[in-house]
Amino acid sequence: MKKVLAVVLALALTLSVVGMAMAEGKVGVAMPTQSLQRWNQDGENMKAQLEAAGFTVDLQFANNDVATQVSQLENMITNGAQVLVVASIDGSALGTVLATAKDAGIPVIAYDRLLTATEAVDYYTTFNNYKVGQIQGQYVVDKFDLSNAAVTGPFTIEFTAGSPDDNNAHLFFNGAKDTLQPYLDSGKLVCLSGQLDFETVATPAWKSETSQARMDNILSAYYSDALTGGTTLDICLCSNDSTALGVTNSLVAAGYTAANIPVITGQDCDVANTKNMIKGLQAMSVFKDTRILAAQTVTMVSDILAGKIPETTSTYDNGLIQVPTFECTPLFADVSNYQSLLIDSGYYTADQLAD
Ligand code: GAL
């Protein structure tokens, strides 16, 4: 009897401790759009994990429209959000509404994309964005054995970067470009279009249609005889999967197949791109497990609301302040490891990746 009582008491104590640990509070989560795959996952992960921790969640998607995101944030503030988690469309365009949050004492966490040109941002959770580009660039170096003195090439390469209003896009591009620059300098890599600066190769709003149209133009202007024994296009360095998808669609429409398609890089392991990797139409991607980013952000929200200083790993300069940042690690993905990375880990089901 004594033993039973002790167990019941221990159970009650555990439950009350768990109860006390359950957080309370309202968290506003602003996501950029549902039109790009990853933000749907981020939104779902954040909502599920915040709710599991005991928070009430106001999750909004802004259809890639800055004015919509501003008004969603204003509503979150008015409706009593105690923390804002913001994945911006244009990282530099939210200064006024973020200042309102700051005046109201509401902490702001920049989610995945840095909030720039404002002092009203407290923390940043993201992946090591420069490293994403380095992984893509290093893949090309290894694939073509560029560091081997006996390999002279030249190999042709075209670049496709992301949206200029997204701070990440610059970091991805710089990481890849810095890794490949020695080989552009030595002539082992040649960019026939000459389009090598970020502004020229950028893709506003990360749209597949835009990167596809640009690649259509590049193919007809510089590689029109590639499939008939002329100058081949060897590498398409794309910063992420939505831009890689457009480039792939352009190449496939021009008659390329898995047998002769250039090496195409990407990022995010979107479903469509992972299927392309399996089919041999995209060489690699970079996996950023959005479950981990969400978990880290939820820990940060809990710490902030409990009055604790959240753990950070680095700082990002947003033009005005150094923002304390927690960086997660991006991982290389290709056809050889997608099974363990994406399916065995439960990120996707095998059915989702079946054609
Ligand atoms: C970036 C993000 C990438 C990619 C891109 C387009 O900010 O870090 O993972 O998804 O936006 O959505």
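The values are calculated or read from the model by the stated rules, or taken from the named source; none is laboratory data. Here the structure is a predicted model, which means the values were calculated and not measured. As a convention, Cβ positions derive from the backbone with ideal geometry for all residues, glycine included, and neighbour counts pool all protein chains shown. These accessible areas exclude ligands, DNA and RNA; they are computed on the full protein's heavy atoms, side chains included. Shrake-Rupley method; radii C 1.70, N 1.55, O 1.52, S 1.80 Å.
Summing Lys and Arg as +1 and Asp and Glu as -1 over all other residues whose Cβ lies under 15 Å from the Cβ of T274 gives a net charge of -4. Angle check, please: helix 290-305 long axis (alpha carbons) against the longest principal axis of the chain (alpha carbons), in degrees 0 to 90, nearest 10. Rounded to the nearest ten degrees, it is 40. Between S340 and A259, the distance separating the two model label sites (each 7 Å from Cα on the Cα→Cβ line) works out to 3.3 nm.
The alpha-carbon of K102 sits under 20 angstrom from the alpha-carbons of these lysines, leaving out residues fewer than 8 places away in its chain: K26, K308. Compared with the dominant Cα axis of the chain, that is its longest principal axis, helix 241-253 is turned about 30°. Taking the Cα centre of the chain as origin and assigning +1 to Lys and Arg Cβ atoms and -1 to Asp and Glu Cβ atoms, the resulting dipole is close to 860 debye.
Placing pseudo-labels 7 Å out from each Cα toward the beta carbon at T228 and V252 gives an inter-label distance of 2.5 nm.
Once the Cβ-Cβ distance of A306 and D178 is raised to the sixth power relative to R0 = 35 Å, the FRET efficiency obtained is 0.30.
Helix 66-78 and the longest principal axis of the C-alpha atoms of the chain enclose an angle of approximately 10°. Taking label positions 7 Å along the Cα-Cβ direction at both E51 and N75, the computed distance is 1.8 nm, reported to one decimal.
Tell me the carbon and sulfur percent of the accessible area for the range 56-193, rounded to whole percent, probe radius 1.4 Å. Roughly 46 percent, rounded to a whole number.
The alpha-carbon of K279 sits under 24 angstrom from the alpha-carbons of these lysines, leaving out residues fewer than 8 places away in its chain: K143, K207, K288. For K275, the aspartates and glutamates whose Cα comes closer than 18 Å to its Cα, not counting residues fewer than 8 places off in the same chain, are D241, D289, D334, D344, D351, D355. Can you classify the range 129-287 as rounded, prolate or oblate using the Cα gyration tensor, where a ≥ b ≥ c are the square roots of its eigenvalues, rounded means a/c under 1.5, and otherwise it's prolate if a/b beats b/c and oblate if not? Rounded shape, in that the Cα axes give a/c under 1.5. Magnitude of the charge dipole for the range 106-155, about its Cα centre and with charges confined to Cβ atoms of Lys, Arg (+1) and Asp, Glu (-1), is about 140 debye.
Report note on the peptides 51-59, 306-314: ranked by the mean count of other C-beta atoms within 10 Å, highest first, their order is 51-59, 306-314.
Accessible area per residue for the chain, computed on protein heavy atoms with a 1.4 Å probe, is 43 Å². Within 13 Å, Cβ to Cβ, of Q322, how many net charges do the neighbouring residues add up to if Lys/Arg are +1 and Asp/Glu are -1? Net charge in that neighbourhood comes out at -3.
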